Amino acid sequence: MLKEERLRGYRAAKKNAPSFIYETLYGKQKFLPGRDVDHKQKIWQGTPVDAHIPTNALDDLNRIEEIEMRASCEGSGPEKPTFLIFRFKTPLSPEEIDKFVAGMNSIKGIHCGAEVGNMGFYRIGVTTSLWYEKDKDKFLTWWKELPLKIQVVLAVNQTLASIPSVSAESR
């Protein structure tokens, strides 16, 4: 995400999850009402979640120590795609968040964005142009692969951050 885009997103206080995800997927702002489609629900770890999101994917996401899941949706159409919203348990700098978002966006089928959410914390939105009824198999695969993709981007960014910078003087 470019710095200007990141800053514009941070100023957009009180943006709900569907509007944030729409902007992440399509690159343009549009207000969308909150949950207006009643998806069949299941209980996962005491919390209602959309029934078609694979439980094993939620379990794998929950095991990623660096993140805290905040919202998810199985989607219901082009303006209501599937998504996951989370935040980092340990606050990251805007530059670190930008690197994570860029890493996620380099993966085919992933659209990722970040902004300050309604509670004043950075939130990360990950989405795709899929929803359950559009393509059940691709939808399930997307969710099942998402935890590993997040872990890979986290690991790459942590590895790159640990490499000392080469100063111009030592060249």
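The values are calculated or read from the model by the stated rules, or taken from the named source; none is laboratory data. Just so we're clear, the structure is a prediction, and the values are computed from it rather than from any experiment. When we count neighbours, we look across all protein chains shown, and the Cβ atoms used for this are built from the backbone with ideal geometry, even at glycine.
How many of the residues in the stretch 62-99 are among the polar types (S, T, N, Q), surrounded by 14 or more Cβ atoms within 10 Å (Cβ to Cβ) and more than 21 Å from Q29 (Cβ to Cβ)?
Looking only at the stretch 62-99, we keep the residues that are among the polar types (S, T, N, Q), and these are 62, 72, 76, 82, 90, 93.
Narrowing the set further to residues that are surrounded by 14 or more Cβ atoms within 10 Å (Cβ to Cβ) leaves 62, 72, 76, 82.
Next, from what is left, pick out any that are more than 21 Å from Q29 (Cβ to Cβ): 62, 72.
Here the count works out to 2.
Of all the criteria given as (1) of a type outside the set (D, E, K, R); (2) modelled with pLDDT of 95 or more; (3) in contact with a strand residue (DSSP E or B) (Cβ under 8 Å, 6 or more places away or on another chain); (4) exposed (fewer than 15 other Cβ atoms within 10 Å of the Cβ), the one not satisfied by A102 is (3).
Do any strands (runs of 3 or more DSSP E) entirely within the stretch 64-129 hold 1 or more residues that are without any contact (Cβ under 8 Å) to a residue 60 or more places away in the chain and under 22 Å from L32 (Cβ atoms), and if so, which? Please lay out each step first, then the result.
On the way: elements: 67-73, 83-88, 111-116, 122-127.
Counting at least 1 such residues, we get 67-73, 83-88, 122-127.
Determine which member of the set L140, L148, L58 is in contact with a Phe, Trp or Tyr (Cβ under 6 Å, 6 or more places away or on another chain) and either at pLDDT 95 or above or surrounded by fewer than 18 Cβ atoms within 10 Å (Cβ to Cβ) (or both). Don't jump to the end; show me each part of the working.
Details: L140 fails: in contact with a Phe, Trp or Tyr (Cβ under 6 Å, 6 or more places away or on another chain); L148 fails: in contact with a Phe, Trp or Tyr (Cβ under 6 Å, 6 or more places away or on another chain).
Step by step, each of L140, L148, L58 is checked, and only L58 is in contact with a Phe, Trp or Tyr (Cβ under 6 Å, 6 or more places away or on another chain) and either at pLDDT 95 or above or surrounded by fewer than 18 Cβ atoms within 10 Å (Cβ to Cβ) (or both).
Is it true that A114 is more than 21 Å from P54 (Cβ to Cβ) and exposed (fewer than 15 other Cβ atoms within 10 Å of the Cβ)? When the stated conditions are applied, A114 does not pass them.
Let's see how each residue does on (1) over 20 Å from K15 (Cβ atoms); (2) within 13 Å of the chain's Cα centre (by Cα):
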| position | (1), (2) |
| --- | --- |
| E68 | no, yes |
| G75 | no, no |
| F83 | no, yes |
| V101 | no, yes |
| E115 | no, yes |
| L130 | yes, no |
| E133 | yes, no |
| V153 | yes, yes |
| V156 | yes, no |
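If I filter the stretch 117-128 for residues that are of a type in the set (A, V, I, L, M, F, W, C) and within 11 Å of the chain's Cα centre (by Cα), do I get at least one hit? Steps first, answer last, please.
Initially, the stretch 117-128 is screened for residues of a type in the set (A, V, I, L, M, F, W, C), giving 119, 121, 124, 126.
Restricting the remaining residues to those that are within 11 Å of the chain's Cα centre (by Cα) gives 124, 126.
Checking the stretch 117-128: at least one residue is of a type in the set (A, V, I, L, M, F, W, C) and within 11 Å of the chain's Cα centre (by Cα).
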